[in-house]
Amino acid sequence: GYREYSELIMQRERVVEVKMQLSLSTVAAVVHQMVHLYRQTRFSSRRERKRVVSKHGECNVVQGNVRKRRRRYLQDIFTTLVDAQWRVTLLVFALNFLLSWLGFAIVWWLILYTHGDLDITSQSNHTRTCVTGVKTFTACFLFSLETQHTIGYGARYTNEDCPEAIFVMCLQSITGVMIQAFMVGVVFAKLSRPKKRTQTLLFSREAVICQRDGELCLMFRVGDMRKSHIIEAHVRAQLIKKKVTREGELLPFYQTELKVGGDGEEDKIFFIWPTTIVHKITPSSPLYTLSANDMLKEKFEIVVMLEGVIESTGMTTQARSSYLPKEILWGRRFEPLVAFKKETGEHEVDYSLFNTTYEVETPVCSAQDLDRLISLHQNRPGENIILCMLMIMMIF
C-alpha cells in the first residue's frame, strides 16, 4: 500500500510538472507573438512616416530649428490658441479671468491701503472710505469679480470721494469686456473651424488605372456624407517625386501638377454625390512612360486636394489625401454606387460600394507604348500584322 501511494504521488507531481511546462511554453509563445506584432507595427509605422500627406490629410512635416519660435507664436497669439489643443485653450481661458480678477484685486487693495481704509484704528477718523464694505483682501477679490463682470453691487460699492477708485473701476470694466471678446472669439473660431468639415469628406482608399474612351486614365473617387454641399468644389492633384536636374542638383520633393477633372476636362465639379476624378495619362503626364510593372518599382506620392466653400458657414475648406504606387490598382474600375429609386423618385448613394472596384481588361504597357501601337496600326493597317499581334499579346 505504501509503495502504491508513493507511485501515485510521483505521478501527480509529473502531471503538475508537465502542466507547468505547457503553460510556460504557451506563455512564451504568446509573448513571442506579441513581440513580433509590436515589431511589425513599428516597422509599418516607420514605412507610413515616409508619406508627405497621410490618408487622413495630415501633413507629415515637422518644423525644426526655427529661431525665436515662441516669440513668433506669441506675436500671433490668436492663431496659436485656435490651433492649440482644447486643454491648452481652456486653461488659457480660465487663467485669463482668474489672473485679471487677482491682479485688479491687488490694485484695489493697494488703493485702500494707501487711502488708509484698511487701518481699523483710523477708520473712525474718515467720514467715507473709497470702497464701502471692503476691509480684507478677500473682499477686494470679490469686489474685483463683481466689477469686471458687472454682476451688480450689493454691500460693496465705490464712492465718489476717490477719483483713483473711479478710474480703476472704469479701466477694469473695459479690460473685462476686451478679455471676454477675445476669449469668446477664440472659442468660436475653434468650434467653427472648417478643418472639422473635412471629417465628412471622403477619398477612396485606392486609386485605379484603366481605359476610358481608349485612353489610359488614373482615377480616384471623392464623396461627401453631409446634405449641405460644398460650393465651387474643385480638385487638384500633385505628384511628388525625387528628381535630379541637368546640373546635378537633387530635388527630393519635386512637385508636378496633374491635370484632373470630373467627367469633363475642368477641375470644378458639381459635388452633390460621389464623383470619380480622372487624370488622363497623356504625353504631358509624368505617368506617361510607366507600365504596370514600372508602377510597382517607382517611388512617388500623389497628393490630392478637394477645396470648396462650406454652404452652411461660407468658409473655405480643404480636404487632403495621398496615394502611393502600391495603392494604385492597375486594370480595375470603380463600382457604380448611385441608383435611382422608382418608389421615392430619389437617387440613392450606397457608400458601402465607395471603395469597391472590379477587374477590367486593360493594357499593362505604358500609355506611350499604347499610343505607338495605335499609331502604327492607323498608319499601316495592312502591314506588320504579325508585329501588331505580338505587341497586342504583350499588352493584354
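The values are calculated or read from the model by the stated rules, or taken from the named source; none is laboratory data. No experiment lies behind these values; they were computed from the predicted model shown. Positions of Cβ are backbone-derived with ideal geometry, glycine not excepted, and every protein chain shown enters the neighbour counts.
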Discussion item. Just checking, does segment 84-91 include any residue being of a type in the set (Gly, Ala, Ser), surrounded by 13 or more Cβ atoms within 10 Å (Cβ to Cβ), under 45 Å from the mean Cα position of the chain (by Cα) and modelled with pLDDT under 90?
Written reply: yes
Item to complete: Kindly indicate the residue of segment 110-163 that is closer than 24 Å to Thr175 by Cα and acidic (Asp, Glu) and also modelled with the highest pLDDT among those meeting that condition.
Response: Glu146
Item to complete: Would you mind stating whether Gly314 is in contact with a His (Cβ under 8 Å, 6 or more places away or on another chain), closer than 19 Å to Glu232 by Cβ and in the same structural domain as Val235 (by TED's automatic domain parsing)?
Response: no
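Quick grid of which residues meet (1) within 30 Å of Lys242 (Cβ to Cβ); (2) modelled with pLDDT of 85 or more:
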site	(1), (2)
Thr26	no, no
Ser44	yes, no
Ser100	no, yes
Phe104	no, yes
Worksheet entry | Meets criteria (under 27 Å from the mean Cα position of the chain (by Cα) and outside any helix (DSSP H, G or I)) for Met219 | yes
Practice prompt. Tally the residues that are in contact with a Lys or Arg (Cβ under 7 Å, 6 or more places away or on another chain) and either part of a helix (DSSP H, G or I) or acidic (Asp, Glu) (or both), restricting the search to segment 147-193.
Written response: 1
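Select, from Cys140, Cys130, Cys210, the only residue that is touching a His at 6+ places or on another chain (Cβ under 7 Å) and surrounded by 20 or more Cβ atoms within 10 Å (Cβ to Cβ). Before the answer, list the steps.
On the way: Cys140 fails: touching a His at 6+ places or on another chain (Cβ under 7 Å); Cys210 fails: touching a His at 6+ places or on another chain (Cβ under 7 Å).
None of the other options fit; the residue is Cys130.
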Fill in: Of the criteria (1) within 20 Å of the chain's Cα centre (by Cα); (2) among the small types (Gly, Ala, Ser); (3) in a loop (DSSP other than H, G, I, E, B), which one Ala233 fails
(3)
